[in-house]
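A.B. asks: Structure provided below as structure tokens; questions to follow.
The values are calculated or read from the model by the stated rules, or taken from the named source; none is laboratory data. Since we're looking at a predicted model, the values are computed, not measured. Backbone-built Cβ (ideal geometry, glycine too); neighbour counts: all protein chains shown.
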Amino acid sequence: MKELSSEVRDQIFNEALSESDSLIKSKDYDKAFISVSKANLYLPYFSNDPFYYMSNLIKIKDRQAEICIKESHPKYDYYLILSLESFALDIAKDLMNFPILSGFNYRKKTQFFPYSEDGCDSLEICPDEDGDFSISLKKLKIFQWKEEIYKEYLDFLYIELPKIYGIPSDFTDKTLSEARESRDFKKYNFLHMDLPEELNKQAVGIVPYEINNFVTNLLKKYYEKGKSC
């Protein structure tokens, strides 16, 4: 891959996203998707900066989800996949702050999920209450299992995703301070410098793949369940 300066890389990527935003506003969704795809082609150029890579991948997923739900014939399945992927990637960004996990731990404690209160409980669409997420669940006839879907998804985010990212199972909020106080500088330096660098390097390849695999299979499972009813 030809080397690009960070300035050129950022300019091309941001121009493609800006173009897609304009096309979405003008409801030219086919061209908007092409513009987002163009931005996606430049993602590998951000691989040396995993946090920036993840941030830009989230932007792409968000644009794609917006296009899928706004088209004249919305792609409800793809909208759900892309939306759930985007939020999971945002949680993964919290993990990239390792060994400082206060942001992740707060969201884990509250079991934060932006769509849990989205919409009315009726299986019928409530235009004045339902947001895009609930409408998509209802259109795909899987809304009746929303609590089960949320539970499996949140367990993945807050239990499985840290394992996938590579955070040691015995790591707690106190591990770093205990290593410092006991003067175990070898362990402290490993947790504070060496391990975070190692984890961030692998995050770009492993984490997005595992997120996509989980989300796709989760929705497929309930979609198949709905078809059999």
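A.B. asks: Of all residues in segment 45-71, count the ones that are over 16 Å from residue 14 (Cβ atoms) and touching a residue at least 40 places away in the same chain (Cβ under 8 Å).
C.D. replies: Of the residues in segment 45-71, 9 are over 16 Å from residue 14 (Cβ atoms) and touching a residue at least 40 places away in the same chain (Cβ under 8 Å).
A.B. asks: Scan 72, 55 and give me the residue that is assigned to a loop (DSSP other than H, G, I, E, B) and either of a type in the set (S, T, N, Q) or buried (at least 19 other Cβ atoms within 10 Å of the Cβ) (or both).
C.D. replies: The match here is 72.
A.B. asks: Restricting to segment 78-107, and then to whatever is closer than 12 Å to residue 219 by Cα and without any contact (Cβ under 8 Å) to a residue 40 or more places away in the chain, can you tell me which residue is surrounded by the most Cβ atoms within 10 Å (Cβ to Cβ)?
C.D. replies: It comes out as 82.
A.B. asks: Now a separate question. Could you list, in sequence order, all residues of segment 152-181 that are surrounded by 13 or more Cβ atoms within 10 Å (Cβ to Cβ) and among the aliphatic types (A, V, I, L, M)?
C.D. replies: 154, 157, 161, 164, 167, 176, 179
A.B. asks: Right, another one. Return yes when residue 214 is modelled with pLDDT of 95 or more, within 25 Å of the chain's Cα centre (by Cα) and surrounded by 13 or more Cβ atoms within 10 Å (Cβ to Cβ) and no when it is not.
C.D. replies: Taking the combined requirement at face value, the residue satisfies it.
A.B. asks: Separate question: Quick one: how many residues across segment 150-198 are at pLDDT 80 or above and either assigned to a helix (DSSP H, G or I) or of a type in the set (Val, Ile, Thr) (or both)?
C.D. replies: 21
A.B. asks: Next up: For segment 133-151, enumerate the residues that are within 17 Å of the chain's Cα centre (by Cα) and surrounded by 17 or more Cβ atoms within 10 Å (Cβ to Cβ).
C.D. replies: 133, 149
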